[in-house]
Amino acid sequence: MTDCTKIKYPNRPAAIQAMKAIVAATTTERPKIPRSIYPCSRCMAWHLTSQEPKGKGARRWNAALRS
Ligand SMILES: [Zn+2]
């Protein structure tokens, strides 16, 4: 039951790892590099998003990226 066209990651660590790999491979300023991950309520997988994390969660995402 998936109607998501985004790339799916099975869990949070996998999504974080994928995001870090993409960020590391990005050498030029691109408007749509992934900035955070989120669990999808439709397909139950994790997706990357280029939207800036806001509020309380932002700090956690930054910490996850550095680790
Ligand atoms: Zn989804």
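Computed from the coordinates by the stated procedures, all read-outs in this text should not be read as laboratory data. In this text the structure is predicted, and so the values were computed from the model without any measurement. So basically every Cβ, Gly included, is an ideal-geometry build from the backbone, and we count neighbours across all protein chains shown.
Quick notes on this structure:
- Segment LYS20-GLU52, length gained on full extension (0.36 nm per residue, minus Cα span): 10.0 nm
- Counting neighbouring beta carbons within 10 Å and listing from fewest to most, the residues CYS4, CYS40 come out as CYS4, CYS40.
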